[in-house]
Every structure is written in C-alpha cells, then in structure tokens.
There are 2 protein chains.
Amino acid sequence: MLRTHTCGELTISNLGQSVTLTGWVQKSRDLGGTTFIDVRDRYGITQLVLNADTDAAIREQARNLGREFVIRVTGKVLERTSKNPRIPTGDIEIEVQELEILNEAKIPPFLIEDETDGGEELRAKYRYLDLRRNPIRNNLLLRHNMAQEIRRYLSDLNFIEVETPVLIKSTPEGARDFVVPSRMNPGEFYALPQSPQTFKQLLMVSGFDRYFQIVKCFRDEDLRADRQPEFTQVDCELSFVEQEDILNIFEGLTRHLFTKVKGLDLGDFPRMQYADAMRLYGSDKPDVRFGMEFVELNDIVKGKGFSIFDNAELIVGINAKGKAGYTRKQLDELTEWLKRPQIGATGMIYMRYNTDGSLKSSVDKFYNEDELKKWAEAFGAEQGDLILILAGQTDKVRKQLNELRLEMGSRLGLRDKNKFAPLWVLDFPLLEFDEESGRWHAMHHPFTSPKPEDIALLDTDPGAVRANAYDLVINGTEIGGGSIRIHNKDLQGLMFKHLGFSKEEAQKQFGFLMDAFEFGAPPHGGIAFGFDRLCSIFAGLDSIRDVIAFPKNNSGRDVMIDSPSVIADAQMQELKIKTTV
Amino acid sequence: MLRTHTCGELTISNLGQSVTLTGWVQKSRDLGGTTFIDVRDRYGITQLVLNADTDAAIREQARNLGREFVIRVTGKVLERTSKNPRIPTGDIEIEVQELEILNEAKIPPFLIEDETDGGEELRAKYRYLDLRRNPIRNNLLLRHNMAQEIRRYLSDLNFIEVETPVLIKSTPEGARDFVVPSRMNPGEFYALPQSPQTFKQLLMVSGFDRYFQIVKCFRDEDLRADRQPEFTQVDCELSFVEQEDILNIFEGLTRHLFTKVKGLDLGDFPRMQYADAMRLYGSDKPDVRFGMEFVELNDIVKGKGFSIFDNAELIVGINAKGKAGYTRKQLDELTEWLKRPQIGATGMIYMRYNTDGSLKSSVDKFYNEDELKKWAEAFGAEQGDLILILAGQTDKVRKQLNELRLEMGSRLGLRDKNKFAPLWVLDFPLLEFDEESGRWHAMHHPFTSPKPEDIALLDTDPGAVRANAYDLVINGTEIGGGSIRIHNKDLQGLMFKHLGFSKEEAQKQFGFLMDAFEFGAPPHGGIAFGFDRLCSIFAGLDSIRDVIAFPKNNSGRDVMIDSPSVIADAQMQELKIKTTV
C-alpha cells in the first residue's frame, strides 16, 4: 500500500511512530509560520503540521496545495498541543518529513463539506464529488451494512441467494416494461424484470425451500422522489409456510436490522386489518408514529338540516390536539390547501374546543352547543383541541382526511425521523376495479392467493374477496409487501379468468408457471422489501436518491454520464430496429 | 410452518417423537404388505413406513401416491431395522399416522435423480424440474456459499459493496452492448453494462477507497458453453495500491475460498510473465496442473536441409511422457486433429524415444540419431517418451501447440478436476493490433495503465508496451483479471489517441471520467472475477450453465419462459421504435 495507516486510525498510542498517510487536502491554514493541513480519506481526518524545522522546499510545496489535492506524506506522530475531542485522531498530528503530490485538483464546483453550496443539478453532474461528502458517503456505508446484515440473517435461517435472470420476457400485467431488442432473435425483445416473481415461485417448485435475493428491478414509469427506473428489492420466498410464519421471520429480520444498525429494539410489531387501516387512517400505509385516528360522525350529525352532512356518504374527522387557537385565517388556508387539485376536497368543517370550555363550530347555524358536545365526546376532545371534519364519498373523503392528518401530524411535530413505528397491514383486497380499463385488476399481482373462505365471492362480489396479502409499513411508508401464493393450476387459471385473460393469453404469458404447478408445486409465499426505501428510512431521508450511488433524475437521465443517448445507425441495423422520432 | 422438521435432520436422538414432515415423493415400494415411501426436500430424504397397523384409508392413499407428489405426513420416529449408513437420516423411519396430499404431480418428463435420462433441450424447457436434481441444486448451494464467503472476506477488509447502475450509456469500445430504448427520452437508448468499470473508478475518485460488487454484466456476443449474454462478476477496486497489494489481497481471497469451501490449502500462487506464458505454454492462461512445457528447437534443428524447419520462424515441441508406443495410425489421427480448421496446423513432426533406447523420427531423412539425441536432451526426454513438434509462424504455432499440449495432457490423465493449479500471469501487453480494423486496441481496456518505463515506446513500438495488468488463471481458465488504472487526464488522453479516438470522440464518450481525473483522482487499481466460471471450477464443471439457475441457450433463448418474444405494437409505439425484420 502507498500508506501505512488510514487518516482515521492514529491515536496517542502511535506517538513517535513514523507513518505514511494518503488522502485529500480538506483544508490548510498558516498560523504564525506554522502550516496546518487537514488530510482526509474515507476513514477520517488527520492533521499535518509543518513548522520552522521542516525542510524549506517541502514547506513551499505545502503552501501551494489546493483543496482536494491528493497527497502522500511521511512523518512522525506527535501529541497535539490543542486537542480536538470531536474526532478520533484529535489527540495527534503528523510532523511532515516527506510530501508527495499524487494528483492535483481543480477547484471543485461546490464545497465538499457536510453542508454544501452546490445546487441539485450541479451536484448530479459531479456526482463523484458529491459522493465525497460525509452525509452521502455515510448513506452508502449504511446501505452496505444493511445488505450484509440481511444476507447474514437470512443465510443463518437457511435461505439461499439465487440470481434470477435480468433478460426475461415482457408481460402485459403490471407496470410498463423496459425492453431489450435481441440481435440473435431479430424482431424479438427481452424485458427487464419488474420483480423476479415468477422465477422465485419456480424455485419453490424446484424445492429450494427458502430463497432470497438482493436484486435490481426495473419499471418504466414516470418518476418522482421515491421512484427510480431501476431500484433494488430484497426478494424472498419460502415453501411450506403460512402467513404467520412469514410475518414472524421478516418481523425478526426488520427488528434485527434496527438493533444492529440503529441500536433500537422496536418490540413486537402491531398488526391491523386493511379495512381498519382504511377506516381509522384512510390509508393502507398509515403513519402510526402518532394517533389522531379518524372518528366517523354519521350517527350524530345527520338529520339536523345541514345538507352537506345529510347528503354525504361519510362524515369523518380528526382531533388536532391543542390547536383550538388556530385563527380563522389559518383555517381558511388549511381549507384552501385541501382544495388543491392534488387533494381535491370541497371544503372543511371545524370545531374549536376553546380553553374557556366553549365550543364553536363553522356550522353553528345547524348545531347547538349540546350537539357539539357530542362531537367533542366522540373525539375524546379536551379544552384547547381543534376538530377538523370532511364529508363526502367514502373513499375520496378518507383519502383527503389522510392527507390532512399527515399535515397536522407534521405541524404538531408528531412525525419525528428518529422515531420508528412499524405496522403490519393484513388482509388486503384481492382485486381492485380499474375505472380506465373497466375491469378488475390484481391489487398485488395475479399470483396472490384469495382467502379460501372468500373464493365463492369471486363471481358475486369480487371487490369483497380478501387476499392472503400483507404489507410492512414503517412511519407511513410501505417498505415491504407479499402474499401467500396460488400453487394450484386450476385456481391460478380462475384468477387469470377473473382478471380478463382468455385461456390462450394466460397460457401464452404464464403457461410455464401453470405447467410447473402440475409437477408438484408446494404451498409457498413470500415478501419483497424495497431496499432503497428501507435504507432511506434508516438514514432519515425523504427521498431514495441519496441512498443510491448514481441515481437518475426525474426524466430518467444520468446527467453525469449523459445517458440515455443516441446510438450509432450501425448498432440499430444489427438489432433490426429503427427509431420513429 | 407446515412441518416440524425437514427431511434431512431426524436421527436416532429423535426416537419416539411425533413429527410432521413435508416434501416430495422420491419413490415408494411395497414389501410384503408394508409400504415404504422416501420423502425428499432440499435438506435430505426420510423414509416413511406404513404397515398393517396403519389406518386402512391412509394405506390406500399412500399406495396411490405418484412420484413428485407433494405430501405432508405426521408420525412417530422409529428406529429402522435395516439402516442406511449413506444418509444422515438412515437410522430412522417415520411410522405414518396422518397423510395429506398438498399437491399432485404429473409424471415428470425425465427422471429426477442424480443421473437423469432427460436430454438437454427437455431439461432446459423444464428447468424447474432439473433444478430438483441434487447435482444442480448443490451447484447453486455452492454458489450461494461462495458469494457469502466473498462478501464476508472483503467486508472484513473494509471493502464496501456499492450498487452501480444497470441502465447506462452505450460506448463503442469493447464488445457489443445490449441497448434499452428510453420512453422518456425518445430516440435515445440506455445500454446494459459490460462491466461497472467507469463507475468503480469514479467511486475511487469519490474516496470510497475499497469497493466491491457481485454484479450482473451483459455482452451481446455469440455464445458458447462458457459464455452467457448475462453473467456475474465479482468486481473490485482499491485506491492507493500497487500491483503487489492487489495480487496479495485477491490471492488471499481465492485461497480463503478454497479453504472454506473445498478444505484445500493451495499455498502461495506461482507467478509468470505474460511473455514466459506464451513462450512456455503458448497461452496467456496456461493449465499448470501439468508441466509439458514447450521446448524451442530453432538452434539445434535448422540448417540440416529440412526446408519446413529451415523456413519456419519457430520450431517448438512438447514431450508426451510415456507415449512412445503411439502407433503410426494414432499419430496420423493426431495430425489430422491438428489440421482441423479450429486449430489449423499444417503438419506435425514426431520423434519416438523407444523403450529399447533407439530414437526414431518422422524426419529421419534429415536428422541422424546423434542429432535426435540432442533433441531428446533438449526435452529432457527418457526412454518411452514421444516428442511432438510443430513449426511455422511464432504466434500461430504457439497457439496450435497449446491445443496439442492440452489434448495430450487430457490423454495422459494430467487434468484432474480435483486438482487445482492457480497461476498469476503478469505484465500483459497494453495493446494488440486488430487486423480487421487495422488499428491498435486495448488488450484489457482503455483505462489500463502502461508501465511507466514503457510509455516512450507508445510512439515507436506500441506492441512492446507492457501494461500493469494481471490475470488469475486456475487450471487453464482465466477466472480473474485486472490492472492498475490510469488516474491522470493527460495520460488517459494519450491512450485514447493511440486507440484512434479523436479528442472530440474521447470527450463525448468518456469526458465524465477524464473530467473526474482533474478533481483529485487517487492512484487506483482493481480486478474482476468471472463468478460463474469460478463457481464452475469449484463445482468441477466444464460449462458455466449448471452454476446458473436459469441459463440461456446458445441462441440467447430461455426456452422455459420462451424469451425473447415479440412485443405489442402499442409498446413499440410508446417507445418510438419499430422493427425492420
């Protein structure tokens, strides 16, 4: 090695040793004839010192070092006179005897410090410089540690990691596929996997018993902060299991990660029915760091002549504790916020439970104080609380109130990034109706098994059929989801029928899987975690971008390497394709 | 779990316990009113027994079980009367009390046993059944163990695994890229990486210091047994290192794998100059499980009137020990074998050192016994040996003799799959001349550094410039290769110039990397292992196919899922491409 030590390891126990360090110049300063240089590598920072005793040529060289120059120094470990207790090497400094510039550096386009002055575009273009900053590097170190822990944990439980193919087959189900023209099979295309779903099920048919893979997946969808065209899944599948086994094993994995990586014991994870999550939080991924559950008011507010409530399918509200002091202006702003097209509420009713004990609503014309008392009781409200109520069609109003609840949670400081609230959401519906195509879609995917007792409902009330499907939610983010799968060819065929596949289409797309089910398929189920999201939650980040070394922007571009790009005509000719732009 | 134990764990210590097992029916037989069933899972095989005491309905059910039925049984662990010492569960059997058929199975299209009767095509179509066979499953278990050991070893040495992107940019260097049309950027394409080369170098510029990744790579090349369109690399890069450090660390990793996985200590790995490998073995990846080194004869055979030798650039041979008994017919067959177009030799000269001490060559007309004695001395030949000699243009004849040496090594039984002979090959040439394009190509890749003392030769004798490049070879297979990289923009620019890039082309394709070199790039180098090949060597296989769960055939097809396939017109319209087939 060009060094004897890293910049993060020398302490008082190394005093007097001659050492060689390599790294980047973080900063340098002259103080009364003495030059101090901070040299940095992945492991830390060490202070170099050059004083009157140092060779004049070396001192001159040192004075000309710029930020981010790569250097190699040899010198003696001395005790510092003024120590820096904030860094592990703060007790020592290196008296420089030799100095070699390994590479020069232009002035970086932005500050390479924890807080940088670089804008998003600039940092994306020079991602390799942004990656030098501690916060980003620490995210990637965290990611590495998490991947290692996951692999160790699952391997110890007899899971084996099997690589499934990246060049697979395009299917019409689910999101849009990325495709790859095949040169050897002109006119035909591979697709990149949206998940290794069918392969992991085939591995169960093969008797692999317990499979996992930390694997890249691909979806050609429009992008946003927590979505990338390529993303990483922790993909798992087990045979001879029931739902309870899967919940236990992966709750164990998640708790293990929190213990190992964050030193937190999360305790047993609470569980909730999908139907309850929708009723109490208006979301299948409720943020349960705080309560503020929905309270339904139909029984106590209807029939008093207030037509908005009388005509509404659902009247439902939340209690924003301690916010009775909200001014009329603040409440109007909140109403406007709710009316934005992203949320689409038509209005909001409120009731202040004033600190003097009086009750005051925005619909006092229709409800007297006795009636408002019943409202307060329904919410368990106390003096100083603010009740916010929405009314309308059930699904819509729940969705809107979910947004309002999260907003009020943030305003009340209840969404602490250092607090972690996991939740299993169980018994998802098997199907959801898609207005656009006018047919039922698989809520999870077409391989999810219905609850046996609900199968009869497939013909009469498809929306009521519950699936053996579960999600793991942390702090309102879905970080994992899975199901017990269908392992019977006839049931799988029935599912495809209800999803609008003809027998021929089903056979053409998924024949290999249905055939496999005829050769001794074991009962099996699994789960997949969004690894990028999991890492971002551990890192306390809102976006997944900064747990990814080289992310793409919202147009799917890597601005650093300038990709995608046009390719040569000869390349297209070989592939027997052309562009129609 | 649907079971209390696996089929591989019950022993005499479990006697009397009531257990529940799940698995596949391996075979069943009736013996004098008693039915024996072998039930199999990933972990082993356990014998079930049903006798006169068993419930009649269950016995009837058991008699109707077919091969590969998936069953669940509950019963009592008994000691066997006739034990099977070859399996861990051979001391016990389960007296069946309950039997449930979890899934039926059609008769498999081939035998699911260690030796199968299924042809390659059939096994590929039903890969999920082929994967049930022990030899294939064991390969994938081996692969998992190797990946885990590699990750553990490198992590302990401060390497961190960083995921680099799969959707990158097409470059004209190297092999053919697979490309992916971008819907969001119409007319533009991503490419799938042939290796994460530039990204890992950027991670060094970012100060990550030690990177690795077990990662899928892609090459759209014509296929053969040891090549797949998607393959897996163990990709590594380090900063502040010299070649010696890399050799030591990765020799350590390889030795660790052999110790952990195969219980073998390979000792220190020998090293050889590229030039010596070519001279002694005619190959840059010699199989050094056996000697049979080349002996050059120019000095002792020229000038005796034999025009083939006199006109040849190189006369070189090997000693096939103990093969003097080869008949004329066998030697003629060997000559024909050499003349096949794949090898392309024009002929072969031989000399028998007979057991009676006489020397007999195929060119006795030109060389008397005294002269032949000099030949024998040159080879260190003994009575009973057979000398085989080729003559011609140096590069060609070395290549031909390499094939002959390997063939004779096989015939002499010197290429034992259970013996492992590693070798570092060092100091590869930087460039090689490509006859087709009429220009110099990078032998490794354009980022490999030349030896500083050879840089001056770039202008005068490009073929003589040696690179800081090394390969790790085991048993004649290249399993890893790498180099110390260029970390200086000017030198990188010079390389591109010598590779025939204009300044503009170089900037367009690799500008981001050359720019990065200006912001403080550390000296760095790395290596990449072909993980599929490494696993296949550990598994004693000739092909990489059976260390891959779902490989493609020689046409790049996955015959199981029938991929690649045509895609919908609507899909192409969205991507703004069309096919020109």
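Data overview
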quantity	calculated
Cβ-placed point charges (K, R +1; D, E -1), dipole of the range B:419-540 about Cα centre in debye, nearest 20	360 debye
FRET efficiency estimate (nearest 0.05) - Cβ-Cβ, A:E333 to A:D356, R0 30 angstrom	0.75
Cα-centre dipole for the range B:290-415 with unit charges at Cβ (Lys and Arg positive, Asp and Glu negative), debye to 20	400 debye
Exposure proxy order (Cβ contacts within 10 Å, fewest to most) of A:L338, B:L223	B:L223, A:L338
For chain A, share of DSSP beta bridges that run antiparallel, in % to the nearest 5	95 percent
The range A:357-477 shape via C-alpha gyration tensor axes, a/c threshold 1.5	prolate
Copies compared at B:K508 - label distances in nm, ascending, label defined 7 Å from Cα in the Cβ direction	4.1
Tilt relative to chain B, helix B:394-411 - C-alpha long axis, 0 to 90 degrees, to 10	30 degrees
Exposed-loop-free span, longest in chain B, where GluC sites (Glu not before Pro) count as exposed if DSSP calls them loop and at most 11 other C-beta atoms lie within 10 Å	B:116-434
MRE, 222 nm, helices only [DSSP H, n ≥ 4, -39500 (n - 2.57), over chain A, to nearest 500]	-8500 deg cm²/dmol
Cα Rg over Rh - the range B:12-103, Kirkwood	0.92
Proportion of all alpha-carbon pairs of the range A:390-445 beyond 19 Å (%)	58 percent
Longest to shortest principal axis, alpha-carbon extents of the range A:189-324, angstrom	65, 44, 32
Antiparallel DSSP beta bridges within the range A:12-103, percent to nearest 5	95 percent
Solvent-free Debye scattering, log10 I(q)/I(0), computed from the Cα coordinates of the range B:107-209 at q = 0.19, 0.20 Å⁻¹	-0.95, -0.98
For the range A:12-148: relative contact order, % (alpha-carbon pairs under 8 angstrom, 6 or more apart)	21 percent
Helix A:369-379 axis, angle to chain A major axis (alpha carbon atoms, nearest 10°)	60 degrees
Ascending list, in nanometres, of distances separating the A:K83 label from those of the other copies (7 Å, Cα toward Cβ)	6.6
Distances in nm from B:P109 to the matching label points in the other copies, shortest first (labels 7 Å along Cα to Cβ)	5.5
Degrees, to the nearest 10: B:503-516 long Cα axis against longest axis of chain B	60 degrees
Residue-wise HN-Hα coupling along the range B:472-487, computed from phi with Karplus coefficients 6.51, -1.76, 1.60 (Hz; x: Gly, Pro)	9, 10, 10, 6, x, 10, 6, 10, x, x, x, 6, 7, 8, 6, 10
Cα-projected label distance for B:T81 with A:D416, points at 7 Å along beta-carbon direction, nm	7.0 nm
Shape category assigned to the protein assembly as shown from the gyration tensor of Cα positions, a/c cut at 1.5	oblate
Magnitude of the charge dipole, the protein assembly as shown, Cβ model with Lys/Arg +1 and Asp/Glu -1, debye to 20	40 debye
Inter-part distance where the range B:313-369 and the range A:309-330 are each reduced to a Cα centre, Å	99 Å
Cα convex hull of the range A:290-415, projected area averaged across orientations, nm²	7.1 nm²
Packing-based exposure ordering (other Cβ within 10 Å, fewest first) of A:T254, B:T171, B:T34	B:T34, B:T171, A:T254
Per-residue HN-Hα couplings for the range A:565-573 [Karplus 6.51, -1.76, 1.60; θ = phi - 60°; Hz; x = Gly/Pro]	8, 6, 10, 5, 4, 4, 4, 5, 4
Overall form of the range A:158-231 per C-alpha gyration tensor (a/c, 1.5; a/b vs b/c)	oblate
The range A:355-413: trypsin sites (Lys or Arg not before Pro) falling in loop per DSSP and having at most 10 other Cβ within 10 Å	A:K365
Centroid-to-centroid separation of the range A:421-441 and the range B:223-283 [C-alpha atoms, Å]	51 Å
Inter-part distance where the range A:23-44 and the range B:499-516 are each reduced to a Cα centre, Å	33 Å
Backbone N within the range B:117-158 under 12 Å of label point (7 Å from A:T11 Cα along the Cβ vector)	none
For chain B, convex hull volume per residue from C-alpha positions, Å³	232 Å³
Beta bridges per DSSP with both ends in the protein assembly as shown, % antiparallel, nearest 5	95 percent
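Values quoted throughout were computed directly from the atomic coordinates according to the rules given, and no laboratory measurement underlies them. Just so it is clear, the model here is predicted, and its values are computed rather than measured. Quick reminder, even Gly has a Cβ in these numbers, built from the backbone with ideal geometry, and neighbours come from all protein chains shown.
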